1. Protein chains only, probe 1.4 Å: how do T36, T44 rank by accessible area, largest first?
2. Counting only protein heavy atoms and a 1.4 Å probe, tell me what percentage of the chain's accessible area is made up of carbon and sulfur.
3. Taking the Cα centre of the chain as origin and charging only Cβ (+1 Lys, Arg; -1 Asp, Glu), how large is the dipole, in debye to the nearest 20?
4. Whole number in Å², please: accessible area per residue of the chain, 1.4 Å probe, ligands, DNA and RNA not counted.
5. What are the trypsin sites (Lys or Arg not before Pro) within the range 7-90 that DSSP puts in a loop, where the Cβ has at most 13 other Cβ atoms within 10 Å?
6. When a/c is below 1.5 the answer is rounded, else prolate if a/b is larger than b/c, else oblate, so apply that to the range 21-68 with a ≥ b ≥ c taken from the square roots of the Cα gyration tensor eigenvalues.
7. Which value, in nm² and rounded to one decimal, describes the direction-averaged projected area of the C-alpha convex hull of the chain?
8. Among I89, P52, T36, flag the residue with its Cα farthest along the positive direction of the charge dipole of the range 6-90, charges on Cβ as +1 for Lys/Arg and -1 for Asp/Glu.
Amino acid sequence: MTVKLSPIGGAAAQFFDNSGQVLTGGKLYTYLAGTTTPAVTYTTISGLTAQPNPIILNAAGRVPDSGEIWLSNSVLYKFVLKDQNDVLIA
(Lines give C-alpha, C1' and ligand atoms only; values in the text may rest on other atoms or scores of the structure.)
Protein backbone atom coordinates (compact mmCIF):
# COMPACT_ATOMS: atom_id res chain seq x y z
CA MET A 1 0.00 0.00 0.00
CA THR A 2 1.24 3.47 -0.84
CA VAL A 3 0.85 6.00 1.96
CA LYS A 4 1.90 9.60 2.62
CA LEU A 5 2.53 11.49 5.84
CA SER A 6 -0.50 13.52 6.88
CA PRO A 7 -0.15 17.31 6.81
CA ILE A 8 -2.56 17.37 9.79
CA GLY A 9 -0.98 15.93 12.89
CA GLY A 10 1.38 13.97 10.70
CA ALA A 11 4.65 14.25 12.59
CA ALA A 12 4.34 14.86 16.32
CA ALA A 13 2.03 17.87 15.91
CA GLN A 14 0.54 19.19 19.12
CA PHE A 15 -3.14 20.06 19.41
CA PHE A 16 -4.76 22.71 21.61
CA ASP A 17 -8.30 23.66 22.59
CA ASN A 18 -9.87 27.02 21.75
CA SER A 19 -8.40 28.50 24.95
CA GLY A 20 -4.86 27.53 24.00
CA GLN A 21 -4.66 24.67 26.50
CA VAL A 22 -3.06 21.36 25.49
CA LEU A 23 -5.81 19.05 24.18
CA THR A 24 -5.16 16.13 26.53
CA GLY A 25 -7.44 13.23 25.64
CA GLY A 26 -8.66 15.04 22.54
CA LYS A 27 -10.08 12.99 19.69
CA LEU A 28 -9.06 13.24 16.05
CA TYR A 29 -11.62 11.61 13.78
CA THR A 30 -10.90 10.78 10.13
CA TYR A 31 -13.61 10.49 7.48
CA LEU A 32 -13.87 10.18 3.74
CA ALA A 33 -13.93 13.76 2.46
CA GLY A 34 -17.43 15.24 2.32
CA THR A 35 -18.97 12.39 4.34
CA THR A 36 -19.31 10.96 7.83
CA THR A 37 -17.91 7.60 6.69
CA PRO A 38 -14.87 6.70 8.81
CA ALA A 39 -11.59 6.50 6.86
CA VAL A 40 -8.60 4.40 7.86
CA THR A 41 -5.25 6.03 8.66
CA TYR A 42 -2.04 4.22 9.55
CA THR A 43 0.65 4.30 12.24
CA THR A 44 3.70 3.93 9.97
CA ILE A 45 4.91 4.29 6.40
CA SER A 46 4.33 0.56 5.86
CA GLY A 47 0.56 1.14 5.87
CA LEU A 48 0.05 -2.16 7.67
CA THR A 49 -1.26 -1.05 11.08
CA ALA A 50 -4.40 1.07 11.26
CA GLN A 51 -4.75 3.91 13.75
CA PRO A 52 -7.84 3.77 15.96
CA ASN A 53 -10.65 6.06 14.82
CA PRO A 54 -10.83 8.35 16.63
CA ILE A 55 -7.17 8.78 17.47
CA ILE A 56 -7.04 9.66 21.18
CA LEU A 57 -4.41 12.31 21.88
CA ASN A 58 -1.97 11.74 24.73
CA ALA A 59 -1.30 13.98 27.75
CA ALA A 60 0.83 16.26 25.57
CA GLY A 61 -1.99 16.67 23.01
CA ARG A 62 -0.09 14.59 20.44
CA VAL A 63 -0.82 11.42 18.48
CA PRO A 64 0.42 8.57 20.72
CA ASP A 65 3.22 6.08 20.02
CA SER A 66 4.94 7.08 16.77
CA GLY A 67 3.33 10.52 16.74
CA GLU A 68 2.62 10.02 13.05
CA ILE A 69 -0.50 9.72 10.91
CA TRP A 70 -0.09 8.11 7.51
CA LEU A 71 -2.78 8.42 4.81
CA SER A 72 -3.65 6.23 1.86
CA ASN A 73 -2.68 7.93 -1.41
CA SER A 74 -5.99 6.89 -2.97
CA VAL A 75 -8.26 8.48 -0.33
CA LEU A 76 -9.37 12.09 0.24
CA TYR A 77 -9.74 12.72 3.98
CA LYS A 78 -11.71 14.98 6.29
CA PHE A 79 -10.39 15.53 9.84
CA VAL A 80 -12.59 16.46 12.80
CA LEU A 81 -10.97 17.48 16.09
CA LYS A 82 -12.96 17.23 19.34
CA ASP A 83 -12.12 17.50 23.01
CA GLN A 84 -12.36 14.53 25.38
CA ASN A 85 -16.09 15.30 25.88
CA ASP A 86 -16.76 15.25 22.11
CA VAL A 87 -17.11 19.05 21.87
CA LEU A 88 -16.09 20.18 18.38
CA ILE A 89 -12.81 22.12 18.20
CA ALA A 90 -12.15 22.09 14.44
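The values are calculated or read from the model by the stated rules, or taken from the named source; none is laboratory data. The model shown is predicted, which means the values in this text are computed figures rather than measured ones. Cβ: placed from backbone, ideal geometry, glycine included. Neighbour counts: every protein chain shown. For accessibility, only protein heavy atoms count, side chains too; no ligands or nucleic acids. Shrake-Rupley method; radii C 1.70, N 1.55, O 1.52, S 1.80 Å.
1. Working: T36 115, T44 55 Å².
Accessible-area ranking of T36, T44, largest first: T36, T44.
2. Working: 2820 of 4940 Å².
About 57 percent, which is the carbon plus sulfur part of the accessible surface.
3. Details: 5 positive and 5 negative charges, 34 e Å.
Approximately 160 debye in magnitude.
4. Working: 4940 Å² over 90 residues.
Result: 55 Å² of accessible area for each residue.
5. Values: sites: K27, R62, K78, K82; in loops: none.
Loop-located and lightly packed - none at all.
6. Values: a/c = 2.89, a/b = 1.23, b/c = 2.34.
In terms of gyration-tensor shape, oblate.
7. Numbers: hull surface 21.4 nm².
Over all viewing directions, the chain projects a mean Cα-hull area of 5.4 nm².
8. In the range 6-90, that residue is T36.
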